[in-house]
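A.B. asks: Once you've had a glance at the structure underneath, I'll fire off some questions.
The values are calculated or read from the model by the stated rules, or taken from the named source; none is laboratory data. The model shown is predicted, which means the values in this text are computed figures rather than measured ones. Positions of Cβ are generated from backbone atoms using ideal geometry, with glycine treated the same way; all protein chains shown enter the neighbour counts.
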């Protein structure tokens, strides 16, 4: 299986915005990170050729210290599976995060490490100087310390670790190609399971969880909730420093970007907000712990997907898997159908009456009056926007919260 790109937690549009900062230190750190990432992508095909060749190791963890260098080959051993805790907080946080993710996949989903064959988990901390990112490169997890102005130590965010390691899980299952819809789905899968790892460790229900990705990697001076929000795509941040979170929460707002490195491979970090919102709606629609029914539906759907699976294909698969796991016309299956309908992706294989439903609800697809009411509301919204545009007024804010995709 080949690897198509480097998977970094901080999307390029955030770094590009920081590169325009009037603050010299912020601008230089962003530029250095962008250049480093470009260089690493050039090396990716070499590292990717080694994927799957490592011998099974029962998911044993090893953390190395790069000493602020960029060459991983010069890193020194900092902690091993049988070793004592380190005096370096970054080492221990990385070690614990790798372990929590490994245990989540093992205990909840019955998966033996990233490749389901006991693949060892290697982590590298203190990469580079003021490196504003963390990434999975097909073999290991690598963490920067951040610049101290915008970003802090990336090992401090469990959902970031879960997100990046899940890219490995995706590589060994569906192998979703990293561009346009399959790439955005790839990113969404990592956001979903990164969030589930955190929720599982904290023993939080869907209603108790924050549904944020990277909320702990910003310094206290940065006005931002997180890098992304599964609950409210498009609302994770909005500031002069970072710009406006560009994620859509509905297919009508899908962002068409060039399938290039500068275009984020067709907007993989942007359009992932759509399936992210769908999962959030499924989880809150079913209720309880999101890693139980919703997590199993998403995991089995990932295993049943292919490299080119798009949003519609994945939506249809989750509906089918919900039926297989929990029964046809079950609460779980209705929740799946309702959620995808709410983000503008009605399940094509669902009975007509189940293809849409009240936002976050576990069913309701058989309510024709409710469907009609939502259609009327949507037409009224469109008419209001058209009137405002003609009059030169700005469109209403909160694009993810319109027409059934409602904010919760």
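Listed here are the residues, each with its yes/no results for (1) part of a loop (DSSP other than H, G, I, E, B); (2) assigned by TED's automatic domain parsing to the domain that holds residue 340; (3) surrounded by fewer than 18 Cβ atoms within 10 Å (Cβ to Cβ).
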position	(1), (2), (3)
246	yes, yes, no
249	yes, yes, no
252	no, yes, yes
261	yes, yes, yes
265	no, yes, no
269	yes, yes, no
275	no, yes, no
278	no, yes, no
281	no, yes, no
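A.B. asks: Quick one: in region 92-115, of everything that is under 19 Å from residue 128 (Cα atoms) and touching a residue at least 40 places away in the same chain (Cβ under 8 Å), which residue is surrounded by the fewest Cβ atoms within 10 Å (Cβ to Cβ)?
C.D. replies: So, considering only residues that are under 19 Å from residue 128 (Cα atoms) and touching a residue at least 40 places away in the same chain (Cβ under 8 Å), the one surrounded by the fewest Cβ atoms within 10 Å (Cβ to Cβ) is 93.
A.B. asks: Right, next: Has region 74-92 got at least one residue that is more than 24 Å from residue 199 (Cα to Cα), touching a helix residue (DSSP H, G or I) at 6+ places or on another chain (Cβ under 7 Å) and assigned to a loop (DSSP other than H, G, I, E, B)?
C.D. replies: Scanning region 74-92 turns up at least one residue that is more than 24 Å from residue 199 (Cα to Cα), touching a helix residue (DSSP H, G or I) at 6+ places or on another chain (Cβ under 7 Å) and assigned to a loop (DSSP other than H, G, I, E, B).
Quick grid of which residues meet (1) more than 22 Å from the chain's Cα centre (by Cα); (2) buried (at least 23 other Cβ atoms within 10 Å of the Cβ); (3) modelled with pLDDT under 95; (4) more than 23 Å from residue 267 (Cα to Cα):
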residue	(1), (2), (3), (4)
310	no, no, no, no
313	no, no, no, no
330	yes, no, no, yes
333	yes, yes, no, yes
337	no, yes, no, yes
342	no, yes, no, no
356	yes, yes, yes, yes
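A.B. asks: May I pose another question? Of the residues in region 198-222, how many are farther than 18 Å from residue 243 by Cα, over 17 Å from the mean Cα position of the chain (by Cα) and in a loop (DSSP other than H, G, I, E, B)?
C.D. replies: Total meeting the criteria: 5.
A.B. asks: Checking residue 153 against (1) touching a helix residue (DSSP H, G or I) at 6+ places or on another chain (Cβ under 9 Å); (2) surrounded by fewer than 24 Cβ atoms within 10 Å (Cβ to Cβ); (3) in contact (Cβ under 8 Å) with a residue 24 or more places away in the chain; (4) over 30 Å from residue 27 (Cβ atoms), which single condition isn't satisfied?
C.D. replies: Result: residue 153 passes all but (4).
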